[in-house]
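*Asks:* So that we are looking at the same thing, I have put the structure below in structure tokens.
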């Protein structure tokens, strides 16, 4: 694979203002993200792509089905997202984001220091392994007619415990890992979209209630143009799904 040429990118301070909307002259291999707008993991990658201002095609799943023969030929896991990087398929959202960070380090979405990077990775790992799974387990119980109250109560209890842990981890102000926007924010924001929209439907207390640091972060992260754009895309996809 030939190396990407990067053309005269001006340095800019990490001010919390997204690169989205700035036409950055980047010459890159042909890349395509196979995506579903309502997927929080695909949304994680779109935030990173938009924030870096990358010219990556956002493509629908071939056959409009994760298990379609066309898509399984590309990605045998049958999951979204998948990145086609000039013919090489990269799976798993966090691997994709780390790959994009290494290939296109400016503007950075990881801190410079090993300690700062470790903090971001602890948060993304916490999200993928602990915060997101109990929430995902509730997706199949949104319809009260098909709801298993025992499973719902167990998963709600676990998810609220994870939210309390996130509240303890977050800084008092700024973004998830400090004053700079990072891959940690890319990971957590789409899942919090579901949390803030879903929990009331189960009769649970709002996700932000009694969690002032989480509430402050949620308000702040939504000012990031890349996050704002992705949350709008998720909202449109959710509205379309509800009409079916």
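*Asks:* Of the numbered conditions (1) free of Cβ contacts under 8 Å to residues at least 60 places away in the same chain; (2) closer than 21 Å to residue 228 by Cβ; (3) surrounded by 14 or more Cβ atoms within 10 Å (Cβ to Cβ), residue 124 fails exactly one; give the number of that condition.
*Replies:* With (1) free of Cβ contacts under 8 Å to residues at least 60 places away in the same chain; (2) closer than 21 Å to residue 228 by Cβ; (3) surrounded by 14 or more Cβ atoms within 10 Å (Cβ to Cβ) applied to residue 124, the lone miss is (1).
So that you can scan it fast, the table gives a plain yes or no per residue for (1) in a loop (DSSP other than H, G, I, E, B); (2) surrounded by fewer than 18 Cβ atoms within 10 Å (Cβ to Cβ); (3) outside the structural domain of residue 44 (by TED's automatic domain parsing):
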site	(1), (2), (3)
151	no, yes, yes
154	no, yes, yes
181	yes, no, yes
189	no, no, yes
207	yes, no, yes
216	no, yes, yes
219	no, yes, yes
226	no, no, yes
232	no, yes, yes
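*Asks:* Oh, and also: Tell me the strands (runs of 3 or more DSSP E) entirely within the range 55-136 that contain at least 2 residues that are at pLDDT 95 or above and assigned by TED's automatic domain parsing to the domain that holds residue 178.
*Replies:* none
*Asks:* Sort through 35, 75, 64, 55 and tell me the only one that's over 22 Å from residue 178 (Cα atoms), out of contact with any helix residue (DSSP H, G or I) (no Cβ under 7 Å at 6 or more places or on another chain) and crowded, with 16+ Cβ neighbours inside 10 Å.
*Replies:* 75
*Asks:* May I pose another question? Just one of the numbered conditions (1) farther than 22 Å from residue 230 by Cβ; (2) assigned to a helix (DSSP H, G or I); (3) touching a helix residue (DSSP H, G or I) at 6+ places or on another chain (Cβ under 6 Å) is not true of residue 47; which one?
*Replies:* (1)
*Asks:* Condition first: surrounded by fewer than 20 Cβ atoms within 10 Å (Cβ to Cβ) and assigned to a loop (DSSP other than H, G, I, E, B). Now tell me which residues in the range 156-179 satisfy that.
*Replies:* Across the range 156-179, the qualifying residues are 171, 172, 173, 174, 179.
*Asks:* Given the structure, is residue 101 touching a helix residue (DSSP H, G or I) at 6+ places or on another chain (Cβ under 8 Å) and under 18 Å from residue 52 (Cβ atoms)?
*Replies:* When the stated conditions are applied, residue 101 passes them.
*Asks:* Among the residues of the range 194-205, write down those that are surrounded by fewer than 21 Cβ atoms within 10 Å (Cβ to Cβ) and either in contact with a helix residue (DSSP H, G or I) (Cβ under 8 Å, 6 or more places away or on another chain) or not assigned by TED's automatic domain parsing to the domain that holds residue 127 (or both).
*Replies:* Once the filter is applied, which keeps residues that are surrounded by fewer than 21 Cβ atoms within 10 Å (Cβ to Cβ) and either in contact with a helix residue (DSSP H, G or I) (Cβ under 8 Å, 6 or more places away or on another chain) or not assigned by TED's automatic domain parsing to the domain that holds residue 127 (or both), the range 194-205 yields 194, 196, 197, 198, 202, 204, 205.
*Asks:* Would you check which residues across the range 135-149 are surrounded by 13 or more Cβ atoms within 10 Å (Cβ to Cβ) and within 25 Å of residue 123 (Cα to Cα) and list them?
*Replies:* 135, 136, 137, 138
*Asks:* Now, a different point. Within the group 136, 162, 147, 155, which residue is free of Cβ contacts under 8 Å to residues at least 24 places away in the same chain and closer than 14 Å to residue 207 by Cα?
*Replies:* On the way: 136 fails: closer than 14 Å to residue 207 by Cα; 162 fails: free of Cβ contacts under 8 Å to residues at least 24 places away in the same chain; 147 fails: closer than 14 Å to residue 207 by Cα.
After ruling out the rest, the residue left standing is 155.
The values are calculated or read from the model by the stated rules, or taken from the named source; none is laboratory data. All of these numbers come straight from a predicted model, not from anything done at the bench. Note that we place each Cβ from the backbone using ideal geometry, even for glycine, and neighbour counts take in every protein chain shown.
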